Amino acid sequence: MTEPEPFEVYAIRYATVARQSAENFIGGDPHEAGMPMDYFIWLARNTAHTFIIDTGFNAAAAKRRRRDFLRSPVEGLRLLGVDAATVHDVIITHLHYDHIGNFDLFPQAQFHLQDAEMAYATGRYMAQNFFAHAYELEEVVAMVRNAYKGRVTFHNGDATLVPGLSLHHVGGHTLGLQVVRLWTRAGWLVLASDASHYAANMNEGRPFPVVADVTAMIDGWRLLRTLVDDPRNIIPGHDPEVMKLYRAPGPELEGIAVRLDSQPLE
Ligand SMILES: [Zn+2]
C-alpha cells in the first residue's frame, strides 16, 4: 500500500481569555495561578485537499462572552493563502459556540459532524444550562438548517475522509465530540480539540470541568495515545503552550499561526 500524501497542519489562534488554573480542572487547582485559554481553528492541507477544522467565533460572540478577540479566524486563513469562501470541507469537532461560529463565512462548505453531536445539541440535555451554556441556540439551529440543505455530512463513529485523514468519535466533553487524525511529515498527528483542552488535562489525569461524560473523556485520553506514535503529536484544543512549542510559518504569521507538523521546541 502506498503511503498517503502528508498533510501540512496549522493552528490559527484567534482569541484568548484570562482564567485561573482552578477553572480548568475538576476539583480545582491548589496553585491558584493564572492559566489563560487560547482559541484556535486548524487547517490541514496537501496538494489534493484542504480541510478546515472548526470555524471559531466572531467579534460579537467574543463581546457577549467576554473573550479577547484577536482577529477573525477567517483572516488567519487568508494569511495562509486560504479563501474561506471557496473551502469545500469543514470538520466540526463539536457544536460549542467557540467551534462553529463563522460558519456563514464558508458558503461552499460541507460540514462533517458526528450523529451523536447533533442528537446531543438538539436533545433532552439542552434543558439543563450546565450542558447547554456552551452552545448558541441560533448556531445549532443554523446547523439543523444546513442539514436540511444537505450541507452536513454525518458520521457515526470513526470515518476516513481521504487517505491520511480520519475522524474518531470520542464523546466526553460533549456526547458527539470527534478528533482528527492526520498523516504528516512528523508522523501521525491528532488534533484533539476539546478531548483535552490543555495538555495537563490529559497528561495529569485531571478532567476539564465542562463535560457531559467524564468516563468517556478519560477513555478519550487513552484513545488519543493509540492514534499517534509520538505523544507530542497530540495537539490540545485550547492550550497557549501550542503557540510556544511550534514556529510560525513566516514572520507575518508570528503570534497568529504555527505549523504543527514539525518538531516541537523544547
Ligand atoms: Zn472549545
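Regarding residue 90, is this residue modelled with pLDDT of 95 or more, over 29 Å from residue 212 (Cα atoms) and either under 17 Å from the mean Cα position of the chain (by Cα) or in a strand (DSSP E or B) (or both)?
Criteria not met by residue 90.
Give the number of residues within the stretch 58-83 that are at pLDDT 95 or above, of a type in the set (A, V, I, L, M) and over 17 Å from the mean Cα position of the chain (by Cα).
Residues meeting the conditions: 4.
Restricting to the stretch 178-198, and then to whatever is assigned to a strand (DSSP E or B), crowded, with 23+ Cβ neighbours inside 10 Å and polar (S, T, N, Q), can you tell me which residue is nearest to the ligand (Cβ to nearest atom)?
Filtering first and then ranking leaves 193.
Let me confirm something: among 175, 265, which residue is part of a loop (DSSP other than H, G, I, E, B), within 16 Å of the ligand (Cβ to nearest atom), more than 14 Å from the chain's Cα centre (by Cα) and not β-branched (Val, Ile, Thr)?
175
With the condition kept exactly as written, say whether any residue in the stretch 100-114 is at pLDDT 95 or above, touching a Leu at 6+ places or on another chain (Cβ under 7 Å), more than 16 Å from the ligand (Cβ to nearest atom) and not in a loop (DSSP other than H, G, I, E, B).
Checked the stretch 100-114: at least one residue is at pLDDT 95 or above, touching a Leu at 6+ places or on another chain (Cβ under 7 Å), more than 16 Å from the ligand (Cβ to nearest atom) and not in a loop (DSSP other than H, G, I, E, B).
Answer with yes or no whether residue 144 is without any contact (Cβ under 8 Å) to a residue 40 or more places away in the chain and within 16 Å of the ligand (Cβ to nearest atom).
For residue 144, the condition - without any contact (Cβ under 8 Å) to a residue 40 or more places away in the chain and within 16 Å of the ligand (Cβ to nearest atom) - is not met.
Is there a residue in the stretch 154-166 that is surrounded by fewer than 18 Cβ atoms within 10 Å (Cβ to Cβ), of a type in the set (Gly, Ala, Ser) and under 17 Å from residue 194 (Cα atoms)? Full working, then the answer.
Taking the stretch 154-166 and keeping what is surrounded by fewer than 18 Cβ atoms within 10 Å (Cβ to Cβ), we get 154, 156-163.
Filter once more, so that each one left must be of a type in the set (Gly, Ala, Ser): 157, 159.
Retained after the next criterion (residues that are under 17 Å from residue 194 (Cα atoms)): 157.
Checking the stretch 154-166: at least one residue is surrounded by fewer than 18 Cβ atoms within 10 Å (Cβ to Cβ), of a type in the set (Gly, Ala, Ser) and under 17 Å from residue 194 (Cα atoms).
Test residue 212 against the stated conditions and say whether it is part of a loop (DSSP other than H, G, I, E, B), in contact with a helix residue (DSSP H, G or I) (Cβ under 8 Å, 6 or more places away or on another chain), within 16 Å of the ligand (Cβ to nearest atom) and among the hydrophobic types (A, V, I, L, M, F, W, C).
yes
Has the stretch 216-227 got at least one residue that is among the acidic types (Asp, Glu) and either within 16 Å of the ligand (Cβ to nearest atom) or part of a loop (DSSP other than H, G, I, E, B) (or both)?
The answer is no; no qualifying residue exists.
Return the only residue of 51, 40 being outside any helix (DSSP H, G or I), of a type outside the set (Gly, Ala, Ser), over 18 Å from residue 241 (Cα atoms) and under 16 Å from the mean Cα position of the chain (by Cα).
Only one candidate qualifies: 51.
The values are calculated or read from the model by the stated rules, or taken from the named source; none is laboratory data. What you see is a predicted model, and the numbers here were worked out from it, not measured in a lab. Using ideal geometry, Cβ is built from the backbone for each residue, glycine included, and neighbour counts are taken over all protein chains shown.
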